[in-house]
1. Give me the percent relative contact order of the chain, please, defined on Cα pairs under 8 angstrom at least 6 residues apart.
2. What FRET efficiency, computed as 1/(1 + (r/R0)^6) with R0 = 35 Å and r the Cβ-Cβ distance, is obtained for ALA121 and SER189, rounded to the nearest 0.05?
3. Give, in nm to one decimal, the length gained when the segment between ILE107 and LEU93 is fully stretched (0.36 nm per residue of separation minus the Cα-Cα distance).
4. Starting from the range 84-162, pick out the trypsin sites (Lys or Arg not before Pro) whose DSSP state is loop and whose Cβ has at most 10 other Cβ atoms within 10 Å.
5. Determine the calculated [θ] at 222 nm for the chain from helices alone, applying -39500 (n - 2.57) to every DSSP H run no shorter than 4 residues and normalising by the residue count; nearest 500 deg cm²/dmol.
6. For the range 55-193, what does the alpha-carbon gyration tensor say about shape, rounded, prolate or oblate, given a ≥ b ≥ c as the root eigenvalues, a/c under 1.5 as rounded, and a/b over b/c as prolate?
7. Once fully extended, how much extra length lies between GLU156 and LYS70, figured as 0.36 nm per residue of separation less the alpha-carbon to alpha-carbon distance?
8. What longest range of the chain stays clear of loop-exposed GluC sites (Glu not before Pro) (DSSP non-H/G/I/E/B, at most 15 other C-beta within 10 angstrom)?
Amino acid sequence: MEVLLGLLTIEPMSGYDLGQVIRDSVGHFWNESYGQIYPNLKRLAEAGQVTAQTERQKGKPERHVYSITKKGRKRLAAWLEVAPQPEIPRNELLLKLFFGAQISPKISIQHVERMVESERAFLREFKRIELEEIAKSEQYPDAPYWKMAARFGQLELEAHQRWGEETLDELRKIAKKQRKHTEKRKKKSHAEK
């Protein structure tokens, strides 16, 4: 719920707008369920932490625009003051790689290649966000903080790419050793016949 309060400090928004902003900004590093936006806005309104204004739209359903209240700002500030809790990440690629000796290195190579390509696409998106979106938002007091979060994402993705490239080199060496070992066994088997 705090993410909704935080985003409402930027400007009043509808639930739909909040979903779009989450997808285009904090969604790159914070997983927020879209299905919980409206129920959470309702809870925040019941707690007096947001207010809602109804806007009538010609030919469209009414639009509910939410604004953060003083009580909501207090809740957000209290949450921001608490030290972040460390989280143990779940990374299926690393788990599969950990047990990689159980399968052909070719499969692990494919997994890592997909990850590298995906991270490359995310990195392009982070750079676009910094150049286009954040640069357009210099008037907001939060803009320097948005840049910091985007930069963290960029550096993390660059590190993932470097790791992926190093890992691919190592996996290819393992695959080459296995091919040589298999060829030796085949030659030995043929020689014995």
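1. Result for the chain is 19 percent.
2. The computed FRET efficiency comes out at 0.15.
3. 3.9 nm
4. Sites meeting the loop and neighbour criteria: ARG90.
5. Helix contribution divided over all residues of the chain: -21000 deg cm²/dmol.
6. Because a/c hits 1.5 or more and a/b exceeds b/c, the range 55-193 counts as prolate.
7. So the chain would gain 27.4 nm between GLU156 and LYS70.
8. 1-86
Laboratory data are not the source of any read-out in this text; all were calculated from the coordinates shown. All values derive from a computational prediction rather than experimental measurement. We place every Cβ from the backbone using ideal geometry, glycine too, and count neighbours over all the protein chains shown.
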